Amino acid sequence: MRIYCEHEQLPSIMNMCSIDGLLDMEAEVMQKGKRKRDNVSCREYYCYKLQIRDDENILLHAGRLFQQYVVDEWIKIESQRLNFATFNQDLFRVHVLGGLLNILRCGKRKASQVGKQKTLPLSFTGGPRDMRRRYMDAIALVQQFGKPDIFLTMTCNPSWPEIKENLLTIDETQNRTDLISRVFRAKLEELKKDILKTQIFGKVVAFMYTVEFQKRGLPYAHFLIILDEKYKLLTPEAYDRFVCAELSNKKENPTLYSHVIDHMMHCPCGELNPTNSCMTKKGHCKYKYPREFAEQTTKGKNSYPIYQRRNTGKKVQIIEHLLDNSWVVPYNPYLICKFNCHMNIEICSDIKVVKYICKYICKGYDKIAFHIHANDTNIEIDEIKEYQFARWVSPPEAAWHIFAFPISEMFPNVYHL
C-alpha cells in the first residue's frame, strides 16, 4: 500500500527564534508531506481496519470482543509512544531539567542522580507537562481577551439517529465505539460552526474545549467561550436570552418539552434517592439540587447567576418520582432542539473554570498511589511508570485516539516564544 503523507505533525516550535525560521520549517515539512512511502504507522493501520465498508466488516460486529480489540490495539500504540519516551530521554532531558531548582523540585538530592529521572516530554498528549502547557495557553487567552462568558457541556446521545441508522439488528450501541466516536466528532464540529460562524451567542473572540469520557465510555465536551466586548452578558436580561432553567410548554413546543425531560432533568437525589452518585458523605447533592425557586433571574453570591425557576406547579415523572422546575439543569432551547442531547449551559463568573476543563485531560480514573522510603534515600522519579499505573481507558476513548481526533482545541492559537 502506497499512501501520501498529507497530514504529518509539525515539529515543535519551542526552539524557534523568529517568524522566518518558523515559515521555513513549515515549508520544509509540507514539501516532505508530498513524498510517497510504502508503509503505514501502527495507528494508521488500525484506523484502516475500523472503517465501515459495504462488504460488512465482521470486526465491527463482534460485540464486546470489538470493544476489547479497540482498547488492546490502543494500548499497543500507547506503549510504543511510552517506549519512545523511555529510550530517548536524551532528546528532551536537558530542556526539562535545565536548572538546579527544577532538579530539587523533582526530588533529586544526590549529584550522581542529576538528569537520570525519566520524564514525559511536552509533546506527549495527556502527560503532566502537556496539561500544564494547555492550562497556561488557556490562561494566556483569558489574560488577552478577558474572563470566559459561557461554559457549555455537550454529552453524546447513544440514541442519535445517525448512530441507530448504521447499526445492524445484531448490534448494540455500546459495542460500536467507532461509530459513537465518529458521530460525536461530527456533532462537535457542527457545534463549533454554530458558535464561531453562525454566532448564536454573538461574536466570539476566543474559545477552548476539551473532550472527556465517562467511566462508562460516552464522550462529552466542555466549551469555554469568550465573547466580544459588545456582546458581553452583563445583566439578568442578557442571561435569559440564552439560558433557561424551566420546563417548557408542552402544547407550544412538544419537541423541546420532550428533549428537556429526556436530557435536562437532574436524576432524583437527596431524600428521594439517598444512594445517587451525586450525593456527598454529608448527605447533600454536590450539584446543589433541588435548586430554590426564583421568580426572576438575578445575580447571586460572587456574581454567580440565579436563574429563573418559577413554582408553576408543573411536574414530570422521572424514575418513579415527580420533579418540578427545581430539578431542571440550565439549557439553551435552540441547541437542545438541534442536537437532541444533554447540553448544559452556564454563565461564567470567574477563571476557575479554565483549570476545571484543563485538569480532565490526564486526570485518569479514581486511584491512589503511595511510596514508603527512608528519609536518607533518594527518590526516584519515573513519570512514564506513573502515567501507566492505574491508567483507565474506555473503548470510545481508545477509538477516539486511533482516529487521531483532537482531545482539545483553542482559538486563537497561542505561540510559545
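The values are calculated or read from the model by the stated rules, or taken from the named source; none is laboratory data. Here the structure is a predicted model, which means the values were calculated and not measured. A quick note on method: Cβ atoms are made from the backbone with ideal geometry, for glycine too, and the neighbour counts reach across all protein chains shown. Protein only, heavy atoms only, side chains kept; ligands, DNA and RNA dropped before computing areas. Shrake-Rupley method; radii C 1.70, N 1.55, O 1.52, S 1.80 Å.
So which residues in the stretch 262-308 are farther than 27 Å from C348 by Cβ and either touching a residue at least 24 places away in the same chain (Cβ under 8 Å) or within 24 Å of the chain's Cα centre (by Cα) (or both)?
Hits for the stretch 262-308 are P268, L272, N273.
Which condition breaks for L233 when tested against (1) surrounded by 17 or more Cβ atoms within 10 Å (Cβ to Cβ); (2) part of a loop (DSSP other than H, G, I, E, B); (3) within 21 Å of the chain's Cα centre (by Cα)?
It is condition (3) that L233 fails.
Return the residues of the stretch 399-417 that are more than 14 Å from the chain's Cα centre (by Cα), open to solvent by less than 40 Å² (accessible area, probe 1.4 Å) and among the aliphatic types (A, V, I, L, M); say none if nothing qualifies.
Result: A399, I402.
How many residues are surrounded by 11 or more Cβ atoms within 10 Å (Cβ to Cβ) and either at pLDDT 80 or above or part of a helix (DSSP H, G or I) (or both) when one looks only at the stretch 21-34? Show your work before the answer.
Taking the stretch 21-34 and keeping what is surrounded by 11 or more Cβ atoms within 10 Å (Cβ to Cβ), we get 21-26, 28-30, 33.
Then keep just the ones that are either at pLDDT 80 or above or part of a helix (DSSP H, G or I) (or both); that gives 21-26, 28-30.
Here the count works out to 9.
Restricting the search to the stretch 158-170, which residues are open to solvent by less than 20 Å² (accessible area, probe 1.4 Å) and part of a loop (DSSP other than H, G, I, E, B)?
W160, the sole residue that qualifies.
Within the stretch 178-199, can one find any residue that is open to solvent by 20 Å² or more (accessible area, probe 1.4 Å), in contact with a Leu (Cβ under 9 Å, 6 or more places away or on another chain) and not in a loop (DSSP other than H, G, I, E, B)? Show your work before the answer.
Filtering the stretch 178-199 down to residues open to solvent by 20 Å² or more (accessible area, probe 1.4 Å) leaves 182, 185-187, 189-190, 192-193, 196-199.
Pick out the ones that are also in contact with a Leu (Cβ under 9 Å, 6 or more places away or on another chain) and you get none.
For the stretch 178-199, residues open to solvent by 20 Å² or more (accessible area, probe 1.4 Å), in contact with a Leu (Cβ under 9 Å, 6 or more places away or on another chain) and not in a loop (DSSP other than H, G, I, E, B): absent.
Can you name the condition, by its number, that I381 falls short on among (1) in contact with a Cys (Cβ under 6 Å, 6 or more places away or on another chain); (2) at pLDDT 90 or above?
(2)
Applying the selection to the stretch 35-64, what residues are in a helix (DSSP H, G or I) and within 19 Å of N166 (Cβ to Cβ)?
Within the stretch 35-64, C47, Y48, K49, I58, L59, L60, H61, R64 meet the criteria.
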